[in-house]
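Any read-out appearing in this document is the output of simple, stated calculations on the displayed coordinates, not a laboratory observation. Please read all numbers here as calculations on a predicted model, not as lab measurements. FYI the Cβ positions are ideal-geometry reconstructions off the backbone, even for glycines, and counts take in every protein chain you see.
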């Protein structure tokens, strides 16, 4: 019992700097990586990211890391590995065997710091398994990536890790609201790094935005490293969570960018000049023609955006009859002109009276 | 004696007495008991149901049941008034000096009110708010109708130094809020929220006439009482909410008070067509300019020098913060993210169901956070505890296996992820992260 008590206390008060949790979301969209084949092959990118992970772990003994792959149709844990699923007993057994084999070959290397070797092992093994289980049909089915799912899992994991770290007080406040966490900077410093290669994520708009706001409430910055493509939502997400958004022009220098821009955690960033975004595109796409609008029309019931008032003023999403207000009304007619017209009309009527006679 | 027995029974079921009492006593049949009479004897529940089992696990189960109770909401997507106009009326009469809530009712109300304001604008980014105080028989404007949360909170904080005194007047407060809500557009909601500590109101005229006027103006009134039920408050809420009496509640303690207060940050349900007229609003979506390396310029909203800002998409004048109305051309300026913030009210996440042991073997760890679940074999060792929990488990609120399943993707999650997903994230990790199986499963269901 005494021993247990002792360890608890050691964990409770941290002498060193506060540990940080780095959560990497790796976009493994096969289509996008195929396009990058000549400039930055996938294997090279992984090697660079592993160096970055090692650097993060070397900064502080208590630092943690987690990696998740956002694949074409699912998001998969790379590190830490999910506990084996009892339903697919055979599968996991072979997996364990494989791991054991690689374990013995790789981990026995005395010149390597053991945590580095462990992560490398697990990550590469999971990646191989992921690539092996991806069928051609899977790749053909979609050209996108499951970014929203990966973000959701990342935030759930961070939430749980934060609760576990605080432990006390977790019972009273399961969800740290903006007010609660404003004063205390202590506790686990978590951040998400999205290594993104895919372009359009339009159909995941709502879940991605939900995760962005959740990250903002947890005060978790969502750093974006864009290797290819351009996603407005991720740009907005980085801006909302006060994180770094970098679009690389020179892909060979990816490690340099990782080290310089993304290694410092939130506490360190306060003292650094971090890269900022020049212009953030906050314009919205209308629901009717998918065109980007500056001034739009919004349905007050379902908040759908339209570029022009929909036909018959009926909302296309919720089918409500909408009142148009003053929109489209002609400007007031100047009375002077009316008078002239009246005179003209009078003249006309005087002329018109004989008309029936003529008829 | 029989009275106390009945109450003992109630806490046995693991039901949270606050929950049912919050809805008011008028609907109850049989023994009439009011909210403030209920005392929750948490120790009795623990001793009775845990028996000789460990109290820790019992406390854990009780905590879970409390959390889950809060989550169990109606998830049918209802039409809600997303664009809100709310007047917050705070009682600042002699009754608020009482110290039954620490430090005093007055200070606690101000603290919770500032939390409420932050949360209100987080949940309803394109809404407006005003604050009125009831002191010395008159209604006092604390903060006029506006959409900036920091302005409201600053003005509210000034009230901390002022002593609560005199009698409150509900009628004066309501008439003033009617005046505030008079100019608000018809497509938004018109709401009044009253935090009322006193058990009386000293009014200059006929209160019932005011109620009729409120009804005519389509204003809905919600009241959180701090002491006891007051008949006029109940009538006021009922009449202005189409006969629904759920909007009047009395807080039993400070936790309950906060809970009731925060519940009102959710946009209200639209009941009738008259309550909100749907209309098409013209809005501008400006792009942000970061003034890095450029000369600073004045913003039109505060006349202050600042570097960054947003240019109005119609008249190109610079405003420094959004959402706001362009002071030059009157166009409502928002970011598309502000609209996205309200989407989760329109597409709520379904409640997750508790998983029985029979089904629990499918998973060993939470799908979202990978924390391991309790195994059945291990759980059987602790059978005594489980027997104790049965009473709470039977209510289908707490899962006996510690697993909760999403009805759509049927993945299992832990209680922490359940709470987090429903209160903060509004996403299901399972549904979002695996689209492979969907086609196959639909085939399975069809077959």
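Overview of values
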read-out: Nearest-0.05 FRET efficiency for residue B:165 and residue A:316, computed from C-beta distance (R0 35 Å); value: 0.05
read-out: Distance between modelled label sites at residue B:239 and residue A:251, nm, 7 Å Cα→Cβ extension; value: 7.2 nm
read-out: Partner chain coverage, peptide A:212-220 - average Cβ within 10 angstrom; value: 4
read-out: Convex hull projection area averaged over all views, the range B:62-177, Cα basis, nm²; value: 9.1 nm²
read-out: Fully extended contour minus Cα-Cα distance, from residue B:325 to residue B:157, at 0.36 nm per residue; value: 57.9 nm
read-out: Within the range A:185-216: backbone nitrogen closer than 20 Å to the residue A:34 label point (7 Å, Cα to C-beta); value: A:196-201
read-out: Protection proxy ranking, peptides A:110-118, B:324-332, A:225-233, average beta carbon neighbours within 10 Å, highest first; value: A:225-233, B:324-332, A:110-118
read-out: Over 15 Å [Cα-Cα, the range A:284-331], rounded percent; value: 39 percent
read-out: Net length gained if the chain between residue A:138 and residue A:276 were fully extended (0.36 nm per residue, minus Cα distance); value: 46.0 nm
read-out: Cα-based equivalent ellipsoid, the range B:283-336: semi-axes from gyration tensor eigenvalues, Å; value: 18, 12, 8
read-out: Pair residue A:50, residue B:209: separation of 7 Å Cα→Cβ label points (nm); value: 8.4 nm
read-out: Whole-angstrom Cα spans of the range B:211-356 along principal axes, big to small; value: 61, 52, 32
read-out: Inter-chain shielding of B:82-92 (mean C-beta neighbours from other protein chains, 10 Å cut-off); value: 1
read-out: Inter-label distance for residue B:218 and residue A:333, nm, one decimal - labels placed 7 Å from Cα along Cα-to-Cβ; value: 3.2 nm
